[in-house]
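Undergrad: Got a structure for you, questions after.
The values are calculated or read from the model by the stated rules, or taken from the named source; none is laboratory data. Keep in mind the model is a prediction, meaning the values are calculated, not measured. For neighbour counting, all protein chains shown are included, and Cβ atoms are generated from backbone atoms with ideal geometry for every residue, glycine included.
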Amino acid sequence: MTSGLLFACVGAGLFVMGGSGVLLLKHLLRRILAFNLMGSGAFLVLVGMAQRHGIADPVTQAMVLTGIVVAVAATALALALVRHLYRLSGKLELPEAADDD
Amino acid sequence: MMIDLAVWLILLPLIWASLAFMAGPGRGARLAIPALGLQLLLVLLLAGTVSESGAIGLAVGGWGAPLGIDLAADGLSVAMLLLTQVIALPLAIYARSYFQVKAPEGRYFWPLCGFLLAGLNGLYLSADLFNLYVTLELVGLAAVALVAADGGSRQLVAALRYLFATLLGSGSYLLAVALIYAAYGTVSMATLAPVITAEAPFVVWLAGGLMLVGLMIKTALFPFHFWLPPAHGGASAPVSALLSALVVKASFYLLLRLWLGPFAGLTASAGLLGWLPATLGALAIFWGSCQAIRAQRIKMLIAYSTVAQLGYLFLIFPLLTSEAALRAGIMQAFAHGLAKAAMFMAAGVLIKATGQDRVDSLAGAAQQLPLTMFAFGLAGVTLTGLPPSAGFLAKWLLIEAAIGQGAWSIAVVVLVGGLLAAGYVFRVLRQGFLLVPAIAADAPSFHPVPRTLEWMALLLAAASALLGLRGVELMELVALGGAA
């Protein structure tokens, strides 16, 4: 197994873990962390699988940098919303059922 | 010249959004409205250029792929750009008077609206998969912030649900982009289209599946629609109109573009694949319509109607071998975009005037607010699909394509869906028109509302109802540059 493939497999594992975390966890901070884990997984796949003969590909590096900026922005927005929700309701979880009406 | 047009369509909203942010809370309308007019002009010029010389592409700053960013515009993207600006301008005029009355809700509307439009225009003009990811995230984050900007805990919960759904969707899309890049060493859609064939390795199929699921979550296709009704129904009226009319169309456009472009080799070889989105679309039509018929609050009714109407967009996927299906999809996107914006705007007027948002409290609305109820009715005509509206044309094209290919089930779904739509539209109209208000003492009181609000809702509703008469020009535009 080449190092690139190893990176990609770890990345895929992280992505699945993070994705299930976003879906299943209740605590909002943990969900935000899970989202970051998911993003890091995708970045690892991007960097790992694009290596040819152990030489890093500059295009993927640029993509991952852009991706990190997007992930930071999304995390900041999520944290701001969670903090505001905590101030209003004192809870760090979303209510069970979506109120349909 | 054409280079400038495409770039300025992205730069202009970014500029006025930033200026609006610097000007402070609640300000920026005076800048945004002329800028949106200019954007509309730019799109019309771009449409002229594309219809003269076919699809155009350009490398921003002269860098070119792979390190630079390529933009491209063909008939399909110009049509979507046109829809975006045509709705955005009247919506901005509406929002200006709406937020003057109820200022705190609109503190950050203008900057966020500008960033959202910049993201949408960028998405329609992008030529590579990664740039599409970035614009998709821009649109998603701006939309979530708009939902939350209202500030109540109900809106915050809706915004957080929306945020997690949209992040999950774009996360799977990003992983798919990584897999595609690993397999082919490029993310340019034009380069990928000829090389992805039915014999593609497993990772490419996996990538296609991830993109399909991710974009279905973002378009709120049944059963991923859970985030949409609270987010669209809970936000203030201009925001609901923006989200329901434009934002969900962006991920639909992307799915269509991928389906017909880079992944055409895969989708053509797996003919049954198109029935997955179509089946979910049919379920969305039934589920969304039934929930809309049962809804107590008027904005929830309209939001569930969005879930249903999005279903029609996905019915075209098994039929895409014929050009007519694509036309039906774009016509439905226009019909729903215009009508749903008008409907949310009319609902905003009704809520402002009656001070509450229950369907039952609309008695006598037609006497007090005839223009608004007329706008709601016209938009309802489009959603139900009565002639000569754009909705009628969309359904006609769709049924024609379905029968032409022997897919009778789709034709039946379209017809039943129209009846169900009539069910929820007439629930509102019945309250508004037929019930005479009770004795003056406990009759609902109507507050005066700015006339601009009513006229803008009517303008978009009339556009949706009359577009059916000018459908040919639009269809010619879509066919230009061949999306396939």
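Undergrad: Can you name the condition, by its number, that A:VAL70 falls short on among (1) facing another protein chain (nearest Cβ under 10 Å); (2) under 30 Å from B:GLN291 (Cα atoms)?
TA: (2)
Undergrad: Go through region B:130-154 residue by residue and tally those that are facing another protein chain (nearest Cβ under 10 Å) and in a helix (DSSP H, G or I).
TA: Start the filter on region B:130-154 by keeping residues that are facing another protein chain (nearest Cβ under 10 Å), which leaves B:130-131, B:133-134, B:136-138, B:140-142, B:144-145, B:147-148, B:151-154.
Retained after the next criterion (residues that are in a helix (DSSP H, G or I)): B:130-131, B:133-134, B:136-138, B:140-142, B:144-145, B:147-148, B:153-154.
Matching residues across region B:130-154 total 16.
Undergrad: Can you tell me how many residues in region B:449-483 are in a loop (DSSP other than H, G, I, E, B) and modelled with pLDDT under 85? Let's see the steps before the verdict.
TA: We begin by selecting, within region B:449-483, every residue in a loop (DSSP other than H, G, I, E, B); these are B:449-450, B:480-483.
Filter once more, so that each one left must be modelled with pLDDT under 85: B:480-483.
Here the count works out to 4.
Undergrad: Something else: Looking only at region B:1-28, which residues are of a type outside the set (Val, Ile, Thr), surrounded by 20 or more Cβ atoms within 10 Å (Cβ to Cβ) and out of contact with any Phe, Trp or Tyr (no Cβ under 6 Å at 6 or more places or on another chain)? Give the derivation first.
TA: As a first pass, look at region B:1-28 and keep what is of a type outside the set (Val, Ile, Thr): B:1-2, B:4-6, B:8-9, B:11-14, B:16-28.
Then keep just the ones that are surrounded by 20 or more Cβ atoms within 10 Å (Cβ to Cβ); that gives B:5-6, B:9, B:13, B:16-17, B:20, B:28.
Once the filter is applied, which keeps residues that are of a type outside the set (Val, Ile, Thr), surrounded by 20 or more Cβ atoms within 10 Å (Cβ to Cβ) and out of contact with any Phe, Trp or Tyr (no Cβ under 6 Å at 6 or more places or on another chain), region B:1-28 yields B:LEU5, B:ALA6, B:LEU9, B:PRO13, B:TRP16.
Undergrad: Let me ask something else about it. From (1) of a type in the set (Val, Ile, Thr); (2) under 20 Å from B:SER170 (Cβ atoms); (3) free of Cβ contacts under 8 Å to residues at least 12 places away in the same chain, pick out the condition that doesn't hold for A:ILE55.
TA: All conditions pass for A:ILE55, except number (2).
Undergrad: Considering region B:382-401 alone, what residues qualify as being closer than 15 Å to B:VAL428 by Cα and surrounded by fewer than 24 Cβ atoms within 10 Å (Cβ to Cβ)?
TA: Passing the criteria: only B:THR384.
Undergrad: So which helices (runs of 4 or more DSSP H) are wholly in region B:157-239 and hold at least 2 residues that are within 12 Å of chain A (Cβ to nearest Cβ) and without any contact (Cβ under 8 Å) to a residue 60 or more places away in the chain? Don't jump to the end; show me each part of the working.
TA: Numbers: elements: B:189-195, B:202-218, B:228-234.
Where helices (runs of 4 or more DSSP H) fall fully within region B:157-239 and carry at least 2 residues being within 12 Å of chain A (Cβ to nearest Cβ) and without any contact (Cβ under 8 Å) to a residue 60 or more places away in the chain, they are B:202-218.
Undergrad: If you go through region A:1-34 one residue at a time, how many are in a loop (DSSP other than H, G, I, E, B) and modelled with pLDDT of 95 or more? If you could, list the steps in order and put the result at the bottom.
TA: We begin by selecting, within region A:1-34, every residue in a loop (DSSP other than H, G, I, E, B); these are A:1-2, A:25-26.
Checking the rest, the ones that are also modelled with pLDDT of 95 or more come to none.
The qualifying residues number 0.
Undergrad: Please work out if B:LEU89 is in contact (Cβ under 8 Å) with a residue 24 or more places away in the chain, out of contact with any Asp or Glu (no Cβ under 7 Å at 6 or more places or on another chain) and either among the charged types (D, E, K, R) or surrounded by fewer than 23 Cβ atoms within 10 Å (Cβ to Cβ) (or both).
TA: Working: in contact (Cβ under 8 Å) with a residue 24 or more places away in the chain: yes; out of contact with any Asp or Glu (no Cβ under 7 Å at 6 or more places or on another chain): yes; either among the charged types (D, E, K, R) or surrounded by fewer than 23 Cβ atoms within 10 Å (Cβ to Cβ) (or both): yes.
Yes; evaluated as a whole, the condition is true for this residue.
Undergrad: Going through B:ALA149, B:ALA143 one at a time, which residue ends up being closer than 27 Å to B:GLY37 by Cβ and surrounded by fewer than 24 Cβ atoms within 10 Å (Cβ to Cβ)?
TA: Numbers: B:ALA143 fails: surrounded by fewer than 24 Cβ atoms within 10 Å (Cβ to Cβ).
After applying the criteria, what remains is B:ALA149.
Undergrad: Has region B:10-20 got at least one residue that is at pLDDT 85 or above, touching a strand residue (DSSP E or B) at 6+ places or on another chain (Cβ under 9 Å) and not small (Gly, Ala, Ser)?
TA: Yes: one or more hits.
Undergrad: Could you list all residues from region B:53-86 that are small (Gly, Ala, Ser), away from every other protein chain (no Cβ under 14 Å) and over 18 Å from B:ASP4 (Cβ atoms)?
TA: B:GLY54, B:GLY75, B:ALA79 - these are the residues of region B:53-86 that are small (Gly, Ala, Ser), away from every other protein chain (no Cβ under 14 Å) and over 18 Å from B:ASP4 (Cβ atoms).
Undergrad: Report, by residue number, each residue of region B:308-362 that is in contact with a strand residue (DSSP E or B) (Cβ under 9 Å, 6 or more places away or on another chain) and β-branched (Val, Ile, Thr).
TA: B:VAL359
Undergrad: Something else: Can you tell me which residue is surrounded by the fewest Cβ atoms within 10 Å (Cβ to Cβ) among those in region A:20-46 that are more than 24 Å from B:TYR184 (Cβ to Cβ) and facing chain B (nearest Cβ under 8 Å)? Steps first, please.
TA: Of the residues in region A:20-46, the ones more than 24 Å from B:TYR184 (Cβ to Cβ) are A:20-37.
Adding the requirement that they be facing chain B (nearest Cβ under 8 Å) leaves A:22-23, A:28, A:31, A:35.
On the way: A:VAL22: 21, A:LEU23: 12, A:LEU28: 21, A:ARG31: 24, A:PHE35: 23.
In this case the residue turns out to be A:LEU23.
Undergrad: With the condition kept exactly as written, say whether any residue in region A:49-64 is in contact with a Ser or Thr (Cβ under 8 Å, 6 or more places away or on another chain) and facing another protein chain (nearest Cβ under 9 Å).
TA: Yes: region A:49-64 contains one or more residues that are in contact with a Ser or Thr (Cβ under 8 Å, 6 or more places away or on another chain) and facing another protein chain (nearest Cβ under 9 Å).
Undergrad: Considering every residue within region B:107-116, establish whether at least one is at positive phi and not in a loop (DSSP other than H, G, I, E, B).
TA: Kept after step one, since they are at positive phi, are these residues of region B:107-116: none.
No: zero hits.
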